[in-house]
C-alpha cells in the first residue's frame, strides 16, 4: 500500500481528485479520521466536505499509481 496526504480546499479539487483516482487501476480509498470512502466515488468524496485533511490509500506498490494521484490536470 502507498499513502498520500490530501487537503481539499474546494469542491473542484475534490472532483479533480476523483477523476485522477479513476485513472488508477488499483483500488484507492480516502481515510478521514475513522471514516473510509472509495476515492473513485464522487458521492463518497463529496460527502467528506471541503476543508478537510484526508489520507489517500492506494492498494498497489506501483509508483505510477501514486504519481497519477499527485498529477494536477
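What follows is calculated from the coordinates using simple rules that are stated; it is not laboratory data. Small disclaimer: the values here were computed from a predicted structure and weren't measured. Here the Cβ is made from the backbone with ideal geometry for all residues, glycine too, and neighbour counts use every protein chain on show.
For the chain, relative contact order (Cα pairs under 8 Å, six or more residues apart, normalised by length) works out to 46 percent. Once the Cβ-Cβ distance of residue 2 and residue 46 is raised to the sixth power relative to R0 = 35 Å, the FRET efficiency obtained is 0.90. Extension gain, residue 11-residue 57: 0.36 nm per intervening residue step, less the Cα-Cα distance, totals 14.6 nm. Treating each Cα of the chain as an identical point scatterer and summing with the Debye formula, the log10 of I(q)/I(0) at q = 0.23, 0.24, 0.26 Å⁻¹ comes to -0.99, -1.08, -1.29.
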